[in-house]
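Undergrad: I'd like to ask you about the structure that follows.
The values are calculated or read from the model by the stated rules, or taken from the named source; none is laboratory data. All of these numbers come straight from a predicted model, not from anything done at the bench. In this analysis, Cβ positions are derived from the backbone assuming ideal geometry, glycine residues included, and neighbour counts consider all displayed protein chains. The accessibility values were calculated without ligands, DNA or RNA, using every heavy atom of the protein model including side chains. Shrake-Rupley method; radii C 1.70, N 1.55, O 1.52, S 1.80 Å.
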Amino acid sequence: MLIFAGKINCMEQIKDLLCNERVMLYAIMVNTALMFVGGFWPTSPWFEWTDAFFTLLFLFEAWAKISRMGWQGYWREGWNKFDFIVLIIALPSLASPILQQTMATNAILALRSMRLFKSLKMLRFIPNIHKLLAGLRLATHASLLVFIAFIVFLIIFSILSSTIFGTIAPEFFGNPAISVYSIFRLFTVEGWYEFADTIASNSTAGWGFFARVYFSVLMFLGGVIGLSLINSIFVDAMAEDNNDEVLQKLEQIEQQLKELQESKNNNQSEK
């Protein structure tokens, strides 16, 4: 009976360890570091067995939480959903020590890298992370329409550029799909001058001049004004939540000062 009770106590201690968020965070950090180092020796047996160990560790973590919280309680928490999905995707990597290396198995085993996303759990330990996420949601909603307008602008000029320069510079504007990438690259101000220089070298001086003017104006509208506008709206919305909190506190201080002034006036009138 004592042996049975001891086993139960030991099992509960193991569950306590697996349910400890900070302990599992350290395990995630060690796993991330080992996966980075193991990338230099991907076929090494120690890497395969170590990787399988961490997959089993996270599997037992899910089991411990489900046994403690119940399935409904476990699934109610967003981070647990995230962990479970990542774990299910990474489970095929358990077969890595016994599988022969083929293209198919390599593609399956590459899913173990999904486990690295568990490192995102470190975000929950950032102070006031809920305020940051709330601000991020607000900023996303505020800039959504501007972002959609930017995408429409990108597609319009991608099609236009493909129509005008498709035969002159097919490597950049051969079809609308290639053109979308090229115009987006131009908006990021990454090697935007290469497009005009290539067109100028493959065509007449008149076409070269037109291309330089065209892409300069497009880069200014999309890269300088467009992206700056999106960034400013996004940052503005992110900071708006904090500004509201400051304004609310200022209003409370003003209200308190007003009450103190009224109280002082009442006391003076009574005298």
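Undergrad: Can you find even one residue in the stretch 237-244 that is open to solvent by 90 Å² or more (accessible area, probe 1.4 Å) and either out of contact with any Gly (no Cβ under 9 Å at 6 or more places or on another chain) or at pLDDT 75 or above (or both)?
TA: Within the stretch 237-244, not a single residue is open to solvent by 90 Å² or more (accessible area, probe 1.4 Å) and either out of contact with any Gly (no Cβ under 9 Å at 6 or more places or on another chain) or at pLDDT 75 or above (or both).
Undergrad: Look through Asp51, Asp83 and report the one residue that is part of a helix (DSSP H, G or I) and under 23 Å from the mean Cα position of the chain (by Cα). Quick ask: steps written out before the conclusion?
TA: Working: Asp51 fails: under 23 Å from the mean Cα position of the chain (by Cα).
Exactly one residue qualifies, and that residue is Asp83.
Undergrad: Pick from the stretch 23-42 the residues that are open to solvent by 30 Å² or more (accessible area, probe 1.4 Å) and more than 22 Å from the chain's Cα centre (by Cα): which of them is nearest to Ile66 (Cα to Cα)?
TA: If we filter the stretch 23-42 for residues that are open to solvent by 30 Å² or more (accessible area, probe 1.4 Å), which is where we start, we get 23, 26, 29-30, 32-34, 36-37, 39-42.
Next, only the ones that are more than 22 Å from the chain's Cα centre (by Cα) stay: 23, 34, 37, 39-42.
Values: Val23: 17, Leu34: 27, Val37: 32, Gly39: 33, Phe40: 36, Trp41: 35, Pro42: 33 Å.
Residue satisfying both the conditions and the ranking: Val23.
Undergrad: Identify, from the list Phe184, Phe165, Phe153, the residue that is modelled with pLDDT of 80 or more and surrounded by 18 or more Cβ atoms within 10 Å (Cβ to Cβ).
TA: Going through Phe184, Phe165, Phe153 in turn, just one is modelled with pLDDT of 80 or more and surrounded by 18 or more Cβ atoms within 10 Å (Cβ to Cβ): Phe165.
Undergrad: Hey, does the stretch 196-214 have a residue that's more than 30 Å from Thr140 (Cβ to Cβ), open to solvent by 80 Å² or more (accessible area, probe 1.4 Å) and of a type in the set (D, E, K, R)? Before you say what the answer is, go through the steps one by one.
TA: Going through the stretch 196-214, the residues more than 30 Å from Thr140 (Cβ to Cβ) turn out to be 196-214.
Still in the running and open to solvent by 80 Å² or more (accessible area, probe 1.4 Å): 201-202, 204-205, 207, 209-210, 212.
Now restrict to residues that are of a type in the set (D, E, K, R): 212.
The answer is yes; a qualifying residue exists.
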